[in-house]
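So the structure is just underneath, and the comments pick up after that.
We did not get these values from a lab; they are worked out from the coordinates using the rules stated. This one's a predicted model, so the numbers in the text were calculated from it and none came from an experiment. Note that we place each Cβ from the backbone using ideal geometry, even for glycine, and neighbour counts take in every protein chain shown.
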Amino acid sequence: MQRLKGMSINEMLNSIARIEERICLNLSDVQKILLTTDGSVTRTLEVLTGRPVIIITKVRTPINADEDLAKELKIKVGEKTNYRVVHLKNTDSDRVLIFARSWTPVMGLNGVIKKDLTSTDMPIGKILAKHKLETRREVTSIGLLEADDMLKEAFKIDSEPMLSRFYNIIYESEILIRINEVFPLSSFR
């Protein structure tokens, strides 16, 4: 069994300090929480906004893991993976709160869980709770990036630095899902 390791709290704090140094601005406490939480982001957003959060699926497609993805997911090259792009938003608003990409290896998933993880518009945290899966989240990187065309369209912006994090949801010592969440630097100030 491989040892999976996320960032330590010191590594997270150092990443945040590097971002703040680069932008010459302190991140808000809410931004820091969203970048470092090991809990449900959907639930955190619901608490922060005081309203229900839904996901709008923009892309859902099976892909074969290339060498880089296979390495990140600890799977074999060519293994089937469900790729999904979603927008998290409040039910009463068109404003995207978080843009998220996820990669889910499908080998070994049982039928009902596989169906929910690869074909529903339910937030991942709610899927995990529905199936009573005991999981943990491990943040693997926190950073700053420039908005690409997908992000510009999602957030209706021309150009803005974006806060980004990658994390893995671990189930039974294996990566169940790899997630990348992104939001504009101007959000959650």
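See the values below:
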| item | result |
| --- | --- |
| Mean separation of Cα contacts under 8 Å (6+ apart) over length of the chain, as relative contact order % | 23 |
| Trypsin sites (Lys or Arg not before Pro) lying in DSSP loop within segment 4-79, provided at most 11 other Cβ fall within 10 Å | Lys5, Lys76 |
| Kyte-Doolittle mean at least -1.0, axial Cα span of 15 Å or more - DSSP H helices of the chain | 9-23 |
| Set of segment 135-169 residues, backbone N closer than 17 Å to the point 7 Å along the Cα-Cβ line of Glu11 | 136-144, 164-169 |
| Protection-proxy order for peptides 136-146, 81-91, each taking the mean of Cβ atoms within 10 Å per residue, highest first | 81-91, 136-146 |
| Positive dipole terminus of segment 1-137, leading residue within Leu69, Ile9, Met122 (C-beta point charges) | Met122 |
| Entries of Lys58/Lys152; Lys89/Lys156; Lys32/Lys71; Lys89/Lys130 with Cα pairs more than 23 Å apart | Lys32/Lys71 |
| Dipole magnitude (debye, nearest 20) for segment 9-184, charges at Cβ of Lys, Arg, Asp, Glu | 640 |
| Pairwise centroid distance, computed over Cα atoms, of segment 158-189 with segment 87-151, Å | 10 |
| Those residues of segment 18-40 whose amide nitrogen sits under 20 Å from the label point placed on Ile157, 7 Å along Cα→Cβ | 18-37 |
| Trypsin sites (Lys or Arg not before Pro) within segment 152-181, DSSP loop, no more than 14 other Cβ atoms inside 10 Å | Lys156 |
| Candidates Met162, Met107, Met12, ranked by Gaussian network fluctuation over the chain, Cα under 10 Å, top entry | Met107 |
